[in-house]
Structure formats: structure tokens, C-alpha cells
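Asks: I have a structure here, written as C-alpha cells, and I will follow up with some questions on it.
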Amino acid sequence: MGWLRVAGRNRGVLRFVLAAAVAVIGVFVASALALAANPATSAPRWPGPLNLLRTHAWLMVYILTAALAALAVAVPWREWRTNTGRNDPLPPAVDVGDWVVAREQERAAVAALVSRRSRGGAATVAGLYGGGGFGKTTVALRVGANNRVRRHFRGRVYKVTVGRGVRTGPQIAQLVADVSESISGKKAEAAGGDPLRAGAGLGRLLGRRPRTLLVLDDVWEPEQLAPFLIGAPQCVRLVTTRVPGLLPENAVRPCPVAGSPLVGS
């Protein structure tokens, strides 16, 4: 009965195994039927394209068997990808209030995050930059709370406050591990204090999840940002910073955040 309890806690794994088993059985059944039908090729001619089955019976058996084998892998793999992350604890929606008037930067950032202008989809990295006190954090929070953004990422919007104080390798690695834990709900190690190793682990984690938005707030150094940019092309990073030069070259920069200073940025 122990395996039943394990299966109950891992329904995605159980569905994966069952789908794979059914697909593999289907391959053998289809191959057996094809081989059994082979004697029928003695007929002088079959109608239309079906005559290919008569003239190239074994070749068609090989092709159909290969196609079914590919399906046997693709179906359970798709099932696994769909269910991975389904039980992750979703972050609570942030209430930013209605007292802030939407800015041009907010509208531009929303468009960048959910755009499908290219085959690759939305921007992988978008940056909000500007001096201190001009509302970068407020704009980022409003973008993350935007209904269009939340629908696009199905509520998977995680805010990460970096800050000037997180500077050493072990500190950055621990922050990355904390983010991994908040996403999966499982304990994550800080990879021996190596930020890039911790970032690789986070990238693998996000790569197995549906679309996710990381709001990386108050980034000061390239070394702070680098671990969060590893892997997971379906994960979008929205970065707020006073240093636009640390953003990757391919980052979308909606426009600088400037104007009247706002508290909390």
C-alpha cells in the first residue's frame, strides 16, 4: 500500500507512467497487426495511396512503428511538462491600490512582457531603470499586479528584492536558493555559496514550469543579476535598477522611469 500513497502524492508521475505504458503497448500492437496484414500484399493492386502499403509493406511498417514510438515518448513527455509545477504554492497577488496613475512605462512594460511579436514570444528580460525615488518599484509592482500580466503567467508572478546589501557570492547564492524554495515549496541548497551553480539549479526548476515572471527589484550589480538569467527561456525577468548598463544587451527597455519622485521606489 505504500506505493499507492506515493502515487497519490505524485499524480503527475503516475499519469506519466500510465500514458507511457499505454503508448508502448500501442506500438507493439500496431506492429503485430501490420505484420499480420503482410500476406494481403499478394493482391494485384490496392486502391489509391494504399497501394504503397502493398508495394513497400515492410518500409511502411518501419515508418509507422517509428511514428508510434515517437508518439509514445511525446505524449507522456507533454503530460509531464503540463503537470510539473501544478502544485507549486502560488504567490499572493499584490494590492498596489488605485491611487497611482498608470504611467507610460507601465503600459510599455506590460506590452513587452506579454507580446507575441516574434516566434520566441515575449521578452526574456525587460528593464525599468532610473534614479532613486522615481517609482521603479511601484511601476514594477503595478505591472506584476496587472490583470493581463497575471492571466498571461497564470498567477506565477514572483517578486524578488535584491538590494545593495546582497553583494557577496554566498549571499547571492542564498537569495537564489530562497527563490527556488519559494517557487517549488521544497528546501533548496545554496550550492556551496556559488551563485552561478545556484542559478543553474533555479534555471532547471523554472525550465520545468509553465510561464513564470520574476520581478527582480533593486538590482545594483551584474553579479546579482547573472544567476537569475540562466536557462528557462519561458521565464521572463522584469528588472528594476539604477544602473541600466547591467541589463543584458537583448533586454527590452520600455523607457526610463523619471518624473516626480514616489515613495517606496
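The values are calculated or read from the model by the stated rules, or taken from the named source; none is laboratory data. Remember, predicted model here, so these are calculated numbers, not experimental data. Here the Cβ is made from the backbone with ideal geometry for all residues, glycine too, and neighbour counts use every protein chain on show.
Asks: Among the candidates VAL166, VAL160, single out the residue that is under 20 Å from LEU90 (Cβ atoms) and either in contact (Cβ under 8 Å) with a residue 12 or more places away in the chain or of a type in the set (Asp, Glu) (or both).
Replies: Result of the check over VAL166, VAL160: VAL160.
Asks: Can you report the number of residues in the range 210-242 which are over 9 Å from the mean Cα position of the chain (by Cα) and in a strand (DSSP E or B)?
Replies: 11
Asks: Kindly indicate whether GLY192 is at pLDDT below 90, on the phi > 0 side of the Ramachandran plot and in a loop (DSSP other than H, G, I, E, B).
Replies: Spelling it out, it is not the case that GLY192 is at pLDDT below 90, on the phi > 0 side of the Ramachandran plot and in a loop (DSSP other than H, G, I, E, B).
Residues checked against (1) surrounded by 12 or more Cβ atoms within 10 Å (Cβ to Cβ); (2) modelled with pLDDT of 70 or more; (3) more than 19 Å from ASP217 (Cα to Cα):
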{"residue": "TRP77", "(1), (2), (3)": "yes, no, yes"}
{"residue": "ARG107", "(1), (2), (3)": "yes, yes, no"}
{"residue": "GLY132", "(1), (2), (3)": "no, yes, no"}
{"residue": "GLY135", "(1), (2), (3)": "yes, yes, no"}
{"residue": "ALA140", "(1), (2), (3)": "yes, yes, no"}
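Asks: So, one more: Inspect all residues belonging to the range 176-193 and state whether any of them is surrounded by fewer than 15 Cβ atoms within 10 Å (Cβ to Cβ), β-branched (Val, Ile, Thr) and farther than 16 Å from LEU238 by Cα.
Replies: Looking for residues that are surrounded by fewer than 15 Cβ atoms within 10 Å (Cβ to Cβ), β-branched (Val, Ile, Thr) and farther than 16 Å from LEU238 by Cα, one finds none in the range 176-193, hence no.
Asks: Take the conditions free of Cβ contacts under 8 Å to residues at least 40 places away in the same chain and outside any loop (DSSP other than H, G, I, E, B) and apply them to GLY245. Does it pass?
Replies: yes
Asks: Also, I was wondering about something else. So the check is Cβ under 6 Å with 6+ separation or different chains; which pairs have a first residue in the range 212-235 that's surrounded by 20 or more Cβ atoms within 10 Å (Cβ to Cβ) and a second one that's among the basic types (Lys, Arg) and assigned to a loop (DSSP other than H, G, I, E, B)?
Replies: THR212/ARG156
Asks: For the range 182-211, which residues satisfy the criterion of being out of contact with any strand residue (DSSP E or B) (no Cβ under 8 Å at 6 or more places or on another chain) and either touching a residue at least 60 places away in the same chain (Cβ under 8 Å) or not assigned by TED's automatic domain parsing to the domain that holds THR240 (or both)?
Replies: Hits for the range 182-211 are SER184, GLY185, ARG208, PRO210.
Asks: Looking at (1) over 20 Å from VAL114 (Cβ atoms); (2) modelled with pLDDT of 90 or more; (3) among the hydrophobic types (A, V, I, L, M, F, W, C), which one does VAL149 not meet, given that it meets all the others?
Replies: (1)
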